[in-house]
Amino acid sequence: MATSLGGTVALITGASSGIGAATARALAAQGAKVALAARRLERLERLASEIGREGHTTLAIQSDIRDQEQAVAAVERTVEELGRLDIVVNNAGQMLLGPIEDAPTEEWDRMIDLNLKGLIYTTHAAVPHLLAAAEDSERHCADVVNISSVAGRVARSGSGVYNLTKHGVGAFSESFRQEFGNRRVRSIVIEPGAVATELTDHLRDGIRDEVRARFVDIKTLDATDIADAIAYAVTRPWHVSLNEVLIRPTEQEG
């Protein structure tokens, strides 16, 4: 049976839309206070207001976690204003696909900076607070949830550097698990398949249409499907850790 998140605080990166926004709603519904971090402040404030009208406590933080100082500041502001930190959901990420040959390498830099460096900056800053939460909370644990992808399991042509970043998320998460599991800070990797979000909006012309065509004949996942899985994972009893959760649309082949 799920355990309430009352008395906990969650920080969610990339919270202005998609999986991040859905996760904020799901964790707030479980009783958590939620800090919403992203670059688009107007969207964050709108989401914070929506969640607040349902009687939940929120905090909107404009932050570009690719910059380590901003990632650290987002964590510290969460703790200062909401009192603690029990759950980090590293959701912010970009998927910029295309062949390696003749690729605009600034796209690679953007993915590495956000998908990897932003995630590890945020996690590193959060560790002391998560350890403290694991020691003093009624749940007897804390959580780091890293949003990876099917691309973190299977490498494909045209997805080289995106595959690199998501495989890296999995490797970092497993090492984190081994380092902090015995101190009751759980490591959870969520690996979505095709989800109806803004992720493909940032692809280059031609590549965008090609990627979307792969899934035109199937029912893709909704952001709420992933948020439900995250809420389930972080509400398990302290001795249960769902380290890796792969979620595909039923009809998705690869």
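Bear in mind that the values in this text are calculations on the coordinates, not laboratory data. This is a predicted model, so every value here is computed, not measured. We place every Cβ from the backbone using ideal geometry, glycine too, and count neighbours over all the protein chains shown.
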Problem - C-alpha long axis of helix 160-180 to longest principal axis of the chain, angle in ° - result: 20 degrees
Practice task
Can you tell me the equivalent ellipsoid semi-axes for the chain? Use √(5λ) from the Cα gyration tensor, largest first, whole Å.
Solution key: 28, 19, 18
Exercise for the section: Could you compute the FRET efficiency for ARG110 and ASN182, with r as their C-beta to C-beta distance and R0 at 51 Å, rounded to 0.05? Expected result: 0.90
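Of THR78, THR23, THR250, how do they rank once you tally other Cβ atoms within 10 Å and put the fewest first?
On the way: THR78 27, THR23 31, THR250 8.
The most exposed by this proxy come first: THR250, THR78, THR23.
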Practice task
Arrange the following residues from fewest to most other Cβ atoms within 10 Å of their Cβ: LYS219, LYS33, LYS117, LYS166.
Solution key: LYS219, LYS117, LYS33, LYS166
Fill in the blank from the handout: Mean-square fluctuation maximum in Gaussian network of the chain, Cα pairs under 10 Å, restricted to GLU50, GLU101, GLU80, hits GLU101
Fill in the blank from the handout: Rounded to the nearest 500, the 222 nm mean residue ellipticity computed for the chain from DSSP H runs (n ≥ 4, each -39500 (n - 2.57)) alone is -13000 deg cm²/dmol
Practice task
Calculate I(q)/I(0) for the range 118-254 by the Debye formula, one identical point scatterer on each C-alpha and no solvent, and give its log10 at q = 0.11, 0.16, 0.21 Å⁻¹ to two decimals.
Solution key: -0.46, -0.88, -1.29
Practice task
Report, in whole Å, the centroid distance computed from the Cα atoms of the range 131-166 and the range 168-186.
Solution key: 9 Å
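How much length is gained on full extension from ARG212 to TRP238, taking 0.36 nm per residue of separation minus their Cα-Cα distance?
On the way: separation 26, 0.36 × 26 = 9.36 nm, distance 3.93 nm.
Once the chain is fully extended between ARG212 and TRP238, it gains 5.4 nm.
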Exercise for the section: Return the sequence-ordered ³J(HN,Hα) values of the range 126-136 in whole Hz as given by the Karplus equation 6.51 cos²θ - 1.76 cosθ + 1.60 applied to θ = phi - 60°, using x for Gly and Pro. Expected result: 7, 3, x, 6, 5, 4, 5, 5, 5, 7, 10
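Using the beta-carbon distance between ARG40 and ASP67 and R0 = 25 Å, what value does 1/(1 + (r/R0)^6) give for FRET efficiency, to the nearest 0.05?
Working: r = 16 Å, r/R0 = 0.63.
Calculated value: 0.95.
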Handout entry: Simple spin-label estimate for THR224 and ALA171 in nanometres, 7 Å along Cα-Cβ
Key = 3.8 nm
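If r is the Cβ-Cβ distance from GLU54 to ALA103 and R0 is 45 Å, what FRET efficiency results, to the nearest 0.05? It would help to have the intermediate numbers written out before the result.
On the way: r = 44 Å, r/R0 = 0.97.
Between GLU54 and ALA103 the formula returns 0.55.
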